[in-house]
Amino acid sequence: MPQNEAYTDKDKKWLLRLARQTIENALKGDELPYPVDVPKVWQAKRGVFVTLTEGGELRGCIGYIEPIKAVWRAVIDNAYAAAFNDPRFWPLSKEELPRVKIEISILSLPKLVDKQGEELLAFLKPGKHGVILERGLYRATFLPQVWEQLPSKEDFLAQLCLKAGMEPTCWKDPSTNVYVYEVDSFEETA
């Protein structure tokens, strides 16, 4: 489970600096950072997303749902990917970088929800739960922060179904697996 108190302000700033340094180095054509002073808290494997916004609008978001890499390594990978490989956006330019705000989300382990239809709607907690929908080769997630744009549970799930490439009612299908997770998220300050 996420534990905000587990991450000090110093730890959060260190990780946000690493994300920004990754993007800056890539824009300059330099090697990506490889820190030697990694705080112990960031050495654990966790699911991690890096989100970029510009003027409050999404500019890139890429991540790992599963804990496949140490947090610091996942931040380097996903900061780079959010800036340059998110297929929804053009690669980030040097001119844009000063206007971009970086947010990092550290995920808890996803848990399978054994509920469908109205029971699922009653179970979901907007703003608290990130949701993964999965059926066969189709899979997509929305971080808990997406509830801010899609506060209706039905709309949230329908848009997530569409993101996964499935019909908008896929969440009602018993063959669709639903997982939830929570996040600790923090972003750069002005």
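The values are calculated or read from the model by the stated rules, or taken from the named source; none is laboratory data. Note that the structure is a prediction, hence the values are computed from the model and not measured. Using ideal geometry, Cβ is built from the backbone for each residue, glycine included, and neighbour counts are taken over all protein chains shown.
Looking only at the stretch 117-139, which residues are at negative phi and touching an Asp or Glu at 6+ places or on another chain (Cβ under 8 Å)? 121, 128, 129, 130, 135, listed by residue number.
Answer with yes or no whether residue 121 is modelled with pLDDT of 95 or more, outside the structural domain of residue 26 (by TED's automatic domain parsing), in a strand (DSSP E or B) and among the aliphatic types (A, V, I, L, M).
Values: modelled with pLDDT of 95 or more: yes; outside the structural domain of residue 26 (by TED's automatic domain parsing): yes; in a strand (DSSP E or B): no; among the aliphatic types (A, V, I, L, M): yes.
The answer is no for residue 121.
Summed over the stretch 46-86, the residues that are surrounded by fewer than 16 Cβ atoms within 10 Å (Cβ to Cβ), at pLDDT below 95 and part of a loop (DSSP other than H, G, I, E, B) give a count of 3. Write out, first by first residue and then by second, each pair whose Cβ atoms fall under 6 Å of each other, whose residues are 6+ apart or on separate chains, and whose first residue, in the stretch 13-30, is under 14 Å from residue 81 (Cβ atoms) and touching a residue at least 24 places away in the same chain (Cβ under 8 Å) while the second is in a helix (DSSP H, G or I) and not aromatic (Phe, Trp, Tyr). From residues that are under 14 Å from residue 81 (Cβ atoms) and touching a residue at least 24 places away in the same chain (Cβ under 8 Å), the pairs are 19/75; 19/79; 22/76; 22/79; 23/79; 23/83.
Condition first: of a type in the set (A, V, I, L, M) and within 14 Å of the chain's Cα centre (by Cα). Now tell me which residues in the stretch 130-146 satisfy that.
Taking the stretch 130-146 and keeping what is of a type in the set (A, V, I, L, M), we get 131-133, 137, 140, 143, 146.
131, 132, 140, 143, 146, listed by residue number.
Results for (1) surrounded by 15 or more Cβ atoms within 10 Å (Cβ to Cβ); (2) in a helix (DSSP H, G or I); (3) out of contact with any Lys or Arg (no Cβ under 8 Å at 6 or more places or on another chain); (4) of a type in the set (Gly, Ala, Ser), shown as yes or no for each residue.
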| residue | (1), (2), (3), (4) |
| --- | --- |
| 125 | no, no, yes, no |
| 134 | yes, no, yes, no |
| 146 | yes, yes, yes, no |
| 157 | yes, yes, yes, no |
| 161 | yes, yes, yes, no |
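Looking only at residues in the stretch 167-187 that are over 15 Å from the mean Cα position of the chain (by Cα) and in a loop (DSSP other than H, G, I, E, B), the one that is surrounded by the most Cβ atoms within 10 Å (Cβ to Cβ) is 176. For the stretch 89-116, enumerate the residues that are assigned to a loop (DSSP other than H, G, I, E, B) and more than 26 Å from residue 30 (Cβ to Cβ). Residues satisfying the conditions are 108, 109, 110, 114, 115, 116.
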